Amino acid sequence: MGDSLKVLGIETSCDETAAAVVDDTGAILGEVVRSQYDDHAPFGGIVPEIAARAHLETVDAIVAEAMRRAGTGFDEIDAVAATGGPGLIGGVIVGVMTAKAIAAARNIPFIAVNHLEAHALTARMTASMAAPMTAQKTGGLEFPYLVLLVSGGHTQLLIAENIGKFRRLGTTIDDAVGEAFDKSAKMMGLDYPGGPAVERLAREGDRNRFALPRPMKGRPGCDFSFSGLKTAVRHAVEGLGAAGPGERDLADLCASFQAAASEALIDRTRNAIEMFQESCGARIREKGVLVVGGGVAANSALRAALETLCEETGMRFVAPAQKLCTDNGAMIAWAGLERLRLGLTDGLDFAPRPRWPLDPDAPRRAFAGAKA
Ligand code: KG4
Ligand code: ZN
């Protein structure tokens, strides 16, 4: 291993085939993200078999292109990391097999990365880039910090204690917030994926026109629920009559939904901040840091609301660039690099894990995290 570490990361757990090379300053040397939107759009959502096949057909070319963009040969790579779960198993198998093959052929370590951990650590990659050289080796963002993880399959509040060590404060008891965005969008006749489409239309809409619920708001604890909100959207769409929503209705409905979803997230996060400050107060500088990650963290309205919440509670707010919130290879490479630094590599007998909770001690929820 040279002085500066370089890790290749491969992501195939959902509907993006992605690869990137990252170094230990947090710099992304080369990356490619191929979204399968066109493959799944006709079905209005992800079809696991189509996803697995598309990953299989493209992963080699995506890895080669990321390496070309990075200007690195395989002999300069210190380890290869792939998402080992949780996620759609067919896709995870493709990424893991590809990474293992490279590791075996090049005689370098293979690292199985927990996709959720990668989302939670991305902020350390961007903080590392911004930190002075002396702080880079440890990452510019120190543990413990609070994480709001919001994606297509997960909605969780976690305390990041260390690499591989998370304490879950709350999770969804039914749907993930990204799923609520996607399903609500589908009911409104919008294209998949719903999140970006809802955000775009919401900009022109009136957020007060439809009175939608803020599930769990005001209750103690940090758990989430989004199925009631989804049902309320369905009733609102039905209430608009057989002709369906017009342009104005769509914008207003998107704005009302986005406001309700953000407000629900903010309410639960406020409780989590209190719990975090109480339990970690002695170990954090000032009031601590809130990190947001996962695809829904690309949403500008949510980011603005979280920013305000942090101002109110004295927290420092860290949100990675939007393209690093949605699935990408750099986050996998970085999480792999963090593990490599600690000697946490995996054997070639690692078995892909469709379920892989970050906090194994947290109570299992019936539906939460059932899909990618
Ligand atoms: O993290 P991610 O890319 O994949 C998973 O690990 O699930 O998250 C995908 C989710 C989808 O539900 C998508 O609709 C949502 O993130 N999303 C957004 C936005 N961009 C992506 N939701 C709201 N606003 C956005 N701008
Ligand atoms: Zn993700």
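With θ set to phi - 60°, apply the Karplus curve 6.51 cos²θ - 1.76 cosθ + 1.60 along the stretch 318-325 and write out the HN-Hα couplings as whole Hz, x wherever there is a Gly or Pro.
After applying 6.51 cos²θ - 1.76 cosθ + 1.60, I find 10, 10, x, 3, 3, 5, 8, 7 Hz.
Report Rg/Rh for the chain, rounded to two decimals, where Rg is the Cα radius of gyration and Rh the Kirkwood radius.
0.97
Read phi for every residue in the stretch 33-44 and hand back ³J(HN,Hα) as whole Hz from Karplus 6.51 cos²θ - 1.76 cosθ + 1.60, θ = phi - 60°, with x for Gly and Pro.
Result, rounded to whole Hz: 10, 10, 7, 9, 3, 5, 5, 9, 3, x, 9, x.
Translational diffusion coefficient, Stokes-Einstein: compute it for the stretch 95-217 using the Kirkwood radius over C-alpha pairs as Rh, at 25 °C and 0.890 mPa s, and state it as an integer in µm² s⁻¹.
In µm²/s, the coefficient rounds to 138.
Please check: in the Gaussian network model of the chain (C-alpha springs, under 10 Å), which one of 252, 174, 38 has the largest mean-square fluctuation.
In the Gaussian network model the winner is 38.
Lysine pairs, Cα distance under 20 Å, 8 or more residues apart or cross-chain: how many in the chain?
Counting lysine pairs in the chain gives 9.
Could you tell me, in Å, what Rg and Dmax come out for the Cα atoms of the stretch 169-318?
In order Rg, Dmax, the Cα atoms of the stretch 169-318 give 16.2, 59 Å.
Taking the chain as a Gaussian network, Cα atoms linked when under 10 Å apart, which of 299, 208, 328 shows the biggest mean-square fluctuation?
Largest GNM mean-square fluctuation: 208.
Rank 170, 241, 195 by mean-square fluctuation in a GNM of the chain with C-alpha springs under 10 angstrom and give only the top-ranked residue.
241
Bear in mind that the values in this text are calculations on the coordinates, not laboratory data. Remember, predicted model here, so these are calculated numbers, not experimental data.
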